[in-house]
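First the structure, in the form of C-alpha coordinates, and then the observations on it.
The values are calculated or read from the model by the stated rules, or taken from the named source; none is laboratory data. Worth saying up front: this structure is predicted, and the values here are computed from it rather than measured. Virtual Cβ from ideal backbone geometry, glycine too; neighbours counted across all protein chains shown. All accessible areas refer to the heavy atoms of the entire protein, side chains included, with ligands and DNA or RNA removed. Shrake-Rupley method; radii C 1.70, N 1.55, O 1.52, S 1.80 Å.
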Amino acid sequence: GHTGSLVVRELTRYGYGVVVLDDSQDRLDGLALLDLGSFVPTLCGDMTRPELLVAAGLTSRHCIGVLALAGDDEANLAVAMAARLLAPQVPAISRSQSAETTANLASFGTDHIVNPFVAFAERMGLTFRAPSAHVLYECLTSSYRTPATAPMRLPVGRW
(Lines give C-alpha, C1' and ligand atoms only; values in the text may rest on other atoms or scores of the structure.)
Protein backbone atom coordinates (compact mmCIF):
# COMPACT_ATOMS: atom_id res chain seq x y z
CA GLY A 1 0.00 0.00 0.00
CA HIS A 2 0.89 3.67 0.18
CA THR A 3 2.53 3.52 3.61
CA GLY A 4 4.56 0.46 2.71
CA SER A 5 5.77 2.05 -0.52
CA LEU A 6 6.93 5.16 1.35
CA VAL A 7 8.74 3.06 3.95
CA VAL A 8 10.43 0.92 1.28
CA ARG A 9 11.51 4.04 -0.61
CA GLU A 10 13.08 5.58 2.50
CA LEU A 11 14.77 2.36 3.66
CA THR A 12 16.32 1.72 0.25
CA ARG A 13 17.37 5.37 0.01
CA TYR A 14 19.40 4.87 3.20
CA GLY A 15 20.95 1.66 1.90
CA TYR A 16 18.89 -0.96 3.72
CA GLY A 17 17.95 -4.20 1.99
CA VAL A 18 14.21 -4.79 2.01
CA VAL A 19 11.99 -7.78 1.22
CA VAL A 20 8.30 -7.03 0.65
CA LEU A 21 5.42 -9.45 1.25
CA ASP A 22 1.95 -8.65 0.01
CA ASP A 23 -1.13 -10.60 -0.97
CA SER A 24 -1.70 -8.35 -3.99
CA GLN A 25 0.44 -8.86 -7.08
CA ASP A 26 -0.87 -5.52 -8.38
CA ARG A 27 0.63 -3.66 -5.38
CA LEU A 28 3.91 -5.52 -5.80
CA ASP A 29 3.95 -4.63 -9.51
CA GLY A 30 3.36 -0.98 -8.55
CA LEU A 31 6.32 -1.13 -6.19
CA ALA A 32 8.49 -2.46 -9.03
CA LEU A 33 7.69 0.69 -11.01
CA LEU A 34 9.24 2.96 -8.36
CA ASP A 35 12.82 4.10 -8.86
CA LEU A 36 14.23 2.60 -5.66
CA GLY A 37 17.88 2.53 -6.70
CA SER A 38 18.31 -1.11 -5.68
CA PHE A 39 16.64 -4.47 -6.20
CA VAL A 40 13.79 -5.17 -3.78
CA PRO A 41 12.72 -8.83 -3.67
CA THR A 42 8.97 -9.36 -3.36
CA LEU A 43 6.82 -12.34 -2.43
CA CYS A 44 3.13 -12.54 -3.19
CA GLY A 45 1.11 -14.53 -0.71
CA ASP A 46 -0.50 -14.65 2.70
CA MET A 47 1.94 -12.81 4.97
CA THR A 48 0.36 -14.45 8.02
CA ARG A 49 1.86 -17.81 7.00
CA PRO A 50 5.07 -18.32 9.01
CA GLU A 51 6.69 -20.28 6.16
CA LEU A 52 6.36 -17.23 3.88
CA LEU A 53 8.00 -15.04 6.54
CA VAL A 54 10.85 -17.54 6.79
CA ALA A 55 11.16 -17.61 2.98
CA ALA A 56 11.43 -13.81 3.08
CA GLY A 57 14.38 -14.09 5.46
CA LEU A 58 12.88 -13.65 8.93
CA THR A 59 15.21 -16.24 10.47
CA SER A 60 18.27 -15.13 8.47
CA ARG A 61 21.15 -13.62 10.42
CA HIS A 62 20.87 -10.66 8.02
CA CYS A 63 17.31 -9.77 9.11
CA ILE A 64 17.46 -6.62 11.25
CA GLY A 65 13.74 -5.94 11.64
CA VAL A 66 10.17 -6.75 10.72
CA LEU A 67 7.56 -4.16 9.76
CA ALA A 68 3.91 -5.24 9.76
CA LEU A 69 2.11 -2.50 7.83
CA ALA A 70 -0.97 -4.22 6.43
CA GLY A 71 -4.29 -2.42 6.61
CA ASP A 72 -5.62 -5.45 8.49
CA ASP A 73 -4.99 -5.65 12.24
CA GLU A 74 -5.30 -9.45 12.28
CA ALA A 75 -2.59 -9.80 9.64
CA ASN A 76 -0.29 -7.41 11.49
CA LEU A 77 -0.87 -9.29 14.74
CA ALA A 78 -0.10 -12.63 13.06
CA VAL A 79 3.14 -11.26 11.55
CA ALA A 80 4.26 -9.77 14.87
CA MET A 81 3.47 -13.01 16.72
CA ALA A 82 5.35 -15.12 14.18
CA ALA A 83 8.30 -12.74 14.31
CA ARG A 84 8.45 -12.94 18.09
CA LEU A 85 8.20 -16.75 18.10
CA LEU A 86 10.53 -17.50 15.16
CA ALA A 87 13.10 -14.71 15.64
CA PRO A 88 12.75 -13.19 19.11
CA GLN A 89 15.96 -11.18 18.71
CA VAL A 90 14.62 -9.32 15.66
CA PRO A 91 12.84 -6.02 16.44
CA ALA A 92 9.22 -5.88 15.29
CA ILE A 93 7.24 -2.77 14.42
CA SER A 94 3.53 -3.05 13.74
CA ARG A 95 0.63 -0.91 12.67
CA SER A 96 -2.54 -1.18 14.77
CA GLN A 97 -5.90 0.47 14.29
CA SER A 98 -7.58 -0.52 17.57
CA ALA A 99 -6.82 -0.50 21.27
CA GLU A 100 -7.55 -4.24 21.44
CA THR A 101 -4.98 -5.07 18.76
CA THR A 102 -2.48 -2.69 20.36
CA ALA A 103 -2.87 -4.57 23.66
CA ASN A 104 -2.43 -7.93 21.90
CA LEU A 105 0.67 -6.70 20.06
CA ALA A 106 2.12 -5.39 23.31
CA SER A 107 1.45 -8.72 25.05
CA PHE A 108 3.64 -10.45 22.45
CA GLY A 109 6.47 -7.99 23.03
CA THR A 110 6.14 -6.04 19.78
CA ASP A 111 8.87 -3.42 20.00
CA HIS A 112 6.95 -0.50 18.48
CA ILE A 113 3.24 -0.20 17.82
CA VAL A 114 1.87 2.64 15.71
CA ASN A 115 -1.80 3.52 15.53
CA PRO A 116 -2.09 5.94 12.57
CA PHE A 117 -5.22 7.54 14.00
CA VAL A 118 -3.58 8.25 17.36
CA ALA A 119 -0.43 9.49 15.61
CA PHE A 120 -2.49 11.86 13.47
CA ALA A 121 -4.37 13.19 16.51
CA GLU A 122 -1.11 13.74 18.40
CA ARG A 123 0.42 15.63 15.47
CA MET A 124 -2.73 17.72 15.07
CA GLY A 125 -2.64 18.56 18.78
CA LEU A 126 1.01 19.56 18.50
CA THR A 127 0.13 21.81 15.57
CA PHE A 128 -2.40 23.69 17.73
CA ARG A 129 -0.39 23.73 20.98
CA ALA A 130 3.08 24.47 19.61
CA PRO A 131 3.15 25.27 15.88
CA SER A 132 6.94 25.79 15.82
CA ALA A 133 7.52 22.44 17.55
CA HIS A 134 5.34 20.83 14.90
CA VAL A 135 7.53 22.32 12.14
CA LEU A 136 10.63 20.92 13.89
CA TYR A 137 8.95 17.50 14.22
CA GLU A 138 8.10 17.54 10.50
CA CYS A 139 11.70 18.44 9.59
CA LEU A 140 13.07 15.57 11.68
CA THR A 141 10.61 12.94 10.44
CA SER A 142 9.88 13.88 6.82
CA SER A 143 11.22 12.17 3.73
CA TYR A 144 14.64 13.07 2.43
CA ARG A 145 14.84 16.61 1.02
CA THR A 146 11.28 17.53 1.91
CA PRO A 147 11.18 21.33 2.31
CA ALA A 148 10.22 22.73 5.70
CA THR A 149 6.80 24.32 6.01
CA ALA A 150 5.95 27.50 7.87
CA PRO A 151 4.16 27.20 11.23
CA MET A 152 0.40 27.10 10.91
CA ARG A 153 -1.29 30.34 11.90
CA LEU A 154 -4.71 29.83 13.44
CA PRO A 155 -7.44 32.30 12.55
CA VAL A 156 -8.12 34.95 15.17
CA GLY A 157 -11.57 35.17 16.68
CA ARG A 158 -14.27 32.85 17.94
CA TRP A 159 -14.44 29.46 16.20
Q) What residue among Leu140, Leu86, Leu36 shows peak mean-square fluctuation when the chain is described by a Gaussian network model with Cα springs under 10 Å? A) Leu140
Q. Of the trypsin sites (Lys or Arg not before Pro) in region 117-159, which ones lie in a loop per DSSP and count no more than 14 other C-beta atoms within 10 Å?
A. Arg145, Arg153, Arg158
Q. Each label point is 7 Å from the Cα along the Cα-to-Cβ direction; what then is the distance between the points at Thr3 and Leu43, in nm?
A. 2.2 nm
Q | Kirkwood Rh in Å, taken over all unlike Cα pairs in region 1-87 | A | 13.2 Å
Q. Once whole DSSP H runs in the chain are found, which of them have Cα atoms spread over 20 Å or more along the helix axis and a mean Kyte-Doolittle score of at least 0.5?
A. none
Q.
Restricting to DSSP H runs of at least four residues, report the calculated mean residue ellipticity at 222 nm for the chain, -39500 (n - 2.57) per run over all residues, nearest 500 deg cm²/dmol.
A. -14000 deg cm²/dmol
Q) In debye to the nearest 20, how big a dipole does region 1-75 give about its Cα centre with +1 on each Lys and Arg Cβ and -1 on each Asp and Glu Cβ? A) 440 debye
Q.
Under 5 Å between amide hydrogens, which residues at least 5 positions from Val20 or on another chain qualify, with H placed 1.01 Å from N in the peptide plane?
A. Thr42, Leu43
Q: Subtract the Cα-Cα distance of Ala119 and Leu85 from 0.36 nm times their separation in residues, and report this length gain in nm to one decimal.
A: 9.5 nm
Q: State the percentage of accessible surface on the chain attributable to carbon and sulfur atoms; use a 1.4 Å probe and exclude ligands, DNA and RNA.
A: 59 percent
Q. Contour minus end-to-end for Gln97 and Thr146, with contour as 0.36 nm per residue of separation and end-to-end as the Cα-Cα distance?
A. 14.9 nm
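Taking a probe of 1.4 Å, how large is the accessible area per residue of the chain, in Å²?
Roughly 65 Å² per residue, with all protein chains present.
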